[in-house]
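What follows is a short report on a single structure.
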Amino acid sequence: MTGPGAELHGVYFDGRSSRDHPATLHLGEQAAVLVVPSLGREDRWAPAELRVDPAIPGVRRSVNFPGGGRFETRDDAALSAWEAQTGRNRGMRRVRGLESRWPTALGALLISGVALWGTLVYGVPAAARQAARVTPPNVLATFDAETMKVLEDQEYLWPSRLPAARQAQLQRAFGGIARQAGGPYRYRLLLRRGSEDVGANAFALPNGTVVMTDQLVALAKSDRELLGVLAHETGHVTHRHGLAGVYQALGLTLLSTVVTGDLVSAGTFAAAAPAALLRSGYSRQAETESDRVAGQYLMEAYGTTEPLRAILVRLEEEHAREGGAEDSSLLDLIRTHPGTDERVRFLRSLEGAAP
């Protein structure tokens, strides 16, 4: 053969059995010749007919022939030199060169780590919010029903002891807030007596079910305070904060199910929603959005955000008196981000910015 070339020693597989045969492959610019003594064969191909697999560290290099045969060799240096001479696998050789330099490999690892961190910190929450926006009402209703069943079956909530007239009064007041909140939600106010773990509390479920405990009603010094709390909870519903928290807590597989449009099957995991809802807190952004909804309602109705500010402070004091456990297992107005002081300052700023 003329011009640059290489003589490689290795084994040949005929593509029909797993038996290997000692072989030699002569590579040149114009022709490639395979010699397999045990089979008494000598085959010739044009170099363009060969397919050379990219190099993988620790693995024999492979040259594939038309018809399914394969030649394997450990002489990576000679095969790589022939590839360079003939311009084969140019892109993969560049990749291999980069991989062989430890600063490049370390940089790639660092970039991968940053990308993973960005996905977890920003990507997953963004995907969760998108999934929450496209979840249909029938799935939201299932979330609400399953969560209330868990809370009542496990005796976190009991029937309210408030007088019927008082309950009717609160229901009428909530009706006005629900009409103002709007959206495709089945708003309803459930008045319940909370267990010791729940206490003075209010929380919202994805389809508009808002639960308020007798203890919170007793803690309030005016109905304006309770209406501020209820308006705050409708903010969580309209922005779908609770549902986004469910998707984020239950992971990427669940997110992909919803984002890719397989919404019918979403009902099959609705039973997993209660645990996720009860474990989830709200983010700083979610609390600020809901406080803005409540603050705007109070400013329009009463010209001040003081009722919500007052009950937030009183709730925090009550929480501190009861021990202030950080690992509370239920959604509430206290175990949230940002803290009460920052939320009070934000509500004051809404009042200060009003005409």
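Selection over the range 154-188 of residues that are crowded, with 16+ Cβ neighbours inside 10 Å, under 30 Å from the mean Cα position of the chain (by Cα) and closer than 25 Å to residue 289 by Cβ gives a count of 5. Checking each residue in the range 19-41 for being among the polar types (S, T, N, Q) and either closer than 11 Å to residue 70 by Cα or modelled with pLDDT of 90 or more (or both) picks out 24, 38.
Checking each residue in the range 296-313 for being open to solvent by less than 40 Å² (accessible area, probe 1.4 Å), over 9 Å from residue 344 (Cα atoms) and part of a helix (DSSP H, G or I) picks out 297, 298, 307, 311. Can you tell me which residue is modelled with the lowest pLDDT among those in the range 42-56 that are surrounded by 14 or more Cβ atoms within 10 Å (Cβ to Cβ) and assigned to a strand (DSSP E or B)? Out of the qualifying residues, it is 52. With respect to the conditions (1) assigned to a strand (DSSP E or B); (2) at pLDDT below 80, residue 103 lacks only one, and its number is (1).
Tallying residues that are under 19 Å from residue 12 (Cα atoms) and open to solvent by 60 Å² or more (accessible area, probe 1.4 Å) within the range 57-74 yields 7.
Touching a Gly at 6+ places or on another chain (Cβ under 8 Å) and not charged (D, E, K, R), is that true of residue 178? So residue 178 passes the test.
Tell me whether the range 17-31 contains one or more residues that are assigned to a helix (DSSP H, G or I) and either of a type outside the set (Val, Ile, Thr) or more than 18 Å from residue 78 (Cβ to Cβ) (or both). No - not one qualifying residue is present in the range 17-31.
Here the condition is being at pLDDT below 75, in a helix (DSSP H, G or I) and either of a type in the set (A, V, I, L, M) or under 28 Å from residue 197 (Cβ atoms) (or both); of 120, 151, 140, it holds for 120 alone. Selection of the range 14-33 for residues being of a type in the set (Gly, Ala, Ser), touching a residue at least 24 places away in the same chain (Cβ under 8 Å) and open to solvent by 50 Å² or more (accessible area, probe 1.4 Å) yields only 15.
The values are calculated or read from the model by the stated rules, or taken from the named source; none is laboratory data. Keep in mind it's a predicted model, so treat the numbers as computed, not measured. Quick reminder, even Gly has a Cβ in these numbers, built from the backbone with ideal geometry, and neighbours come from all protein chains shown. Please note that ligands, DNA and RNA were not included when accessible areas were found on the heavy atoms of the full protein model with its side chains. Shrake-Rupley method; radii C 1.70, N 1.55, O 1.52, S 1.80 Å.
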